[in-house]
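In what follows, a single structure is set out as C-alpha cells and then discussed.
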Amino acid sequence: MSETIKSELVIGGEHRSSSDGATFEVRNPATNQLLANVPRATFDDTRAAIDFAEDAFEKWSETPAPARAEFLYKVGEMIRKNENELAEILTLEEGKALNESLAEVIEGYDTIMYIAAEGRRMWTYVSPSEQQDKTCMVIRRPVGIVGVVTPWNFPFSIPLWKIPPALVAGNTVVFKPASATPLIAQKIVSMFEKAGLPEGVLNFVTGPGSGVGETIVSDERVKVISFTGESTTGHHIAESNSRFFRRQVLELGGKNPIIVADDADLSVAVPAILYAGFSNCGQKCTAGSRVIVMENIHEKFVEQFVKGAKALRVGNGMKPGIQVGPLINEKAREKVEGYVEIGNSEGAKLSLGGKKFADQERKLGFFFEPTIFDEASNDMRISQEEIFGPVVSVIEAGDMYEAVQIANDTKYGLSSAVYTKDLRNAFETISKLRSGIGYVNQGPTGAEVHLPFGGLKETGSGRESGEAAIENYTEKKAIYVDYSYKVRPWFFTSDS
Ligand code: NAP
C-alpha cells in the first residue's frame, strides 16, 4: 500500500473536492510518509452537506426502521469481509499495532450488528391511563440532522458508535472525522455508499475543527451534536449547543485510576496494567494512567511493572510482534516531552523512559519510550492532567480507603479498575469509585458494545453504546388514545 489513498468529500451523494481546491496532508505517524492530500472543505461545502442532510431527512425518517437497518447489516458484512484491509488502513493512518487495529475493526462490526437489530426493537412502552377506555404509549421519532464529530484515536469504532444508531433511528448525518484520520473514515462512508444508502442521508466533510467543525456546530439546523474529543473542545461545543437547546453527546477526556490491593495477583495485574497504560501508545480516553498501589507491595509492583514496560516492543505497528506504535504527530510528542519535564520538576522519580527513540528507523516517526513515574503524588500535574501518551504515574496508598480518595481526586470520571482477590473489597471499592465504567481484575479499557459507555465530571455528559445509543438519537413522544368516543368531564363544557 505504498501509493497515496484517494479522499473526497461526499455531499448529497456526490464526490467532490473542496470548492476552493484546498487540501491538507495526512501522514503515517510511524514513518512520516505522505498518505493522502485530503480536501479541506470550505464553509460553503459544509453548509451544502447540511442542506442535503436537511433535504434527505423527510423521506429517510419515514422509511420503516427495519428497512433502514438493512443498510447497516450490509455494512456489517462488508466490515467483516474486509477486516484485514480496514485494519491496515487504520494502522497506516493512526499508528496503533495491527492486532489492535483489527480488534477495533471487529468492535466496529459488533457495534453495527448490535445496533442494526434496533431496527426491529427501539422499544418503549404502553401504559395504563388514568381514564377508562383510554391508553397511553410512548413512541420514538428521529431528532433530525446529527452532526458527528470524532477524534483520531479510535477512528473506526467511534464513528460507528454514532452513525449507525443515528441512521437506524431515522436521522440524517453530517460526519466530520479528525483531520489526522480521514482515510479510515472515508472507508466507513464508502461502505454505506456501496450498501446503497440513499443520497444525502450520510454526508462527509473533512477539514479543520476550527472551520468545518465550527460550521456544523454553529448551524441551528443540526439537532444533535455527537462529539468525542478533548474536554476543552467539549466545553466549547457545549456552549454552542446551549444556544439552541440542542441535544448533545459529549464523550471527553480521562485520567483513569487502577487500584492494586495488597492481595492482588501481580502475575495477572502487571500485564493488564502494561496494556492499559501503553497500548495505542497511551492514546486512549480509558488509558490506565494512574496506578495506585498499596505501600506494602509497592516496591515489588514497580519492579515488575518497569521490567514489563522495558520489554515492550515499540515500533511500526504494521510489523508483526509490535505492541506499541507511535504518537499521532510531532505536536503530541512535544506535549508528552513537556509532561516528562513537568514530572521531573515536580519531584516524581522517572523510573523508565522519558525520551524519544534515536535509532534510524524510529526517529522517522513519532515514537516515544514507555515512561513510568514512580513516587508520584496525586496532586502533581502528571497525575491530574490528560497527557495522552505512554506515561504512567505510580502513586502509593496506605490502605484501600486512601486509595479510593486518591482515585476520585480528579476532574475526570471515565473509567476505573481495582485488582484484588477479595470479593468484598472488590465490590466495596468499585461502587465507591466515581466513574462511568468500573472494572474488577481488568484494566480500565475494553468496553463491550452492549453496555453503556461514558463518564462523569469533565469526561462529559451522556452515554453511548448499549441502550443509550438509541436514546441519544430519538425523541420520545407520549401519545394518549381515547377510544371511548364520549365527552369527558372536562373543567368546562362547550356551553359554559
Ligand atoms: P479534539 O482535538 O477535541 O478533536 C476532536 C474532534 O473535534 C476532531 O474532529 C476535531 O477536528 C474537532 N474539533 C476541534 N475543534 C473543534 C471546534 N471548535 N468545533 C468543532 N469541532 C472541533 O480531540 P482529539 O485530539 O481528536 O482526541 C483526543 C481526545 O479525545 C482525548 O481527550 C481523549 O480522551 C478523547 N476521547 C474521549 C473518548 C470518550 O469516549 N470519552 C474516546 C476517545 C477519545 P480536527 O481533528 O480537525 O482538529
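The values are calculated or read from the model by the stated rules, or taken from the named source; none is laboratory data. All of these numbers come straight from a predicted model, not from anything done at the bench. Backbone-built Cβ (ideal geometry, glycine too); neighbour counts: all protein chains shown. Ligands, DNA and RNA are excluded from the accessible area calculation, which covers all protein heavy atoms including side chains. Shrake-Rupley method; radii C 1.70, N 1.55, O 1.52, S 1.80 Å.
Listed values, structure above:
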| read-out | value |
| --- | --- |
| Cross-link table Lys223/Lys284; Lys81/Lys187; Lys6/Lys363; Lys310/Lys356; Lys134/Lys223, entries beyond 22 Å C-alpha to C-alpha | Lys223/Lys284; Lys6/Lys363; Lys134/Lys223 |
| Solvent-free Debye scattering, log10 I(q)/I(0), computed from the Cα coordinates of the stretch 335-423 at q = 0.12, 0.18, 0.26 Å⁻¹ | -0.44, -0.85, -1.34 |
| From phi via Karplus (6.51, -1.76, 1.60), per-residue ³J(HN,Hα) for the stretch 147-154 in Hz, x at Gly/Pro | x, 9, 10, 10, x, 9, 7, 10 |
| Relative contact order (%) - criterion: Cα under 8 Å, at least six apart; region: the stretch 331-490 | 14 percent |
| The stretch 36-108: equivalent-ellipsoid semi-axes (sqrt of 5 x gyration tensor eigenvalues, Cα, Å) | 29, 22, 8 |
| Solvent-accessible area per residue, Å², over the stretch 76-228 with all protein chains present [probe radius 1.4 Å] | 32 Å² |
| Overall Cα dimensions of the stretch 125-176, principal axis frame, Å, largest first | 55, 18, 13 |
| Per residue accessible area of the stretch 421-478, 1.4 Å probe, in Å² | 52 Å² |
| Over the stretch 114-229, volume per residue of the alpha carbon convex hull, in Å³ | 137 Å³ |
| Phi to ³J(HN,Hα) by Karplus 6.51 cos²θ - 1.76 cosθ + 1.60 over the stretch 64-77, Hz, x for Gly, Pro | x, 4, x, 6, 4, 5, 4, 5, 5, 4, 5, 5, x, 5 |
| Net charge, Glu220 excluded, C-beta distance under 10 Å - Lys, Arg +1, Asp, Glu -1 | +3 |
| For the stretch 358-364, Karplus couplings with θ = phi - 60° (6.51, -1.76, 1.60), whole Hz, Gly/Pro x | 9, 5, 3, 6, 7, 6, 5 |
| nm² value of the averaged projected area, convex hull over the Cα atoms of the stretch 206-274 | 7.1 nm² |
| The chain - convex hull of alpha carbons, volume per residue in Å³ | 174 Å³ |
| Accessible area of the chain belonging to carbon and sulfur atoms, whole % at 1.4 Å probe | 52 percent |
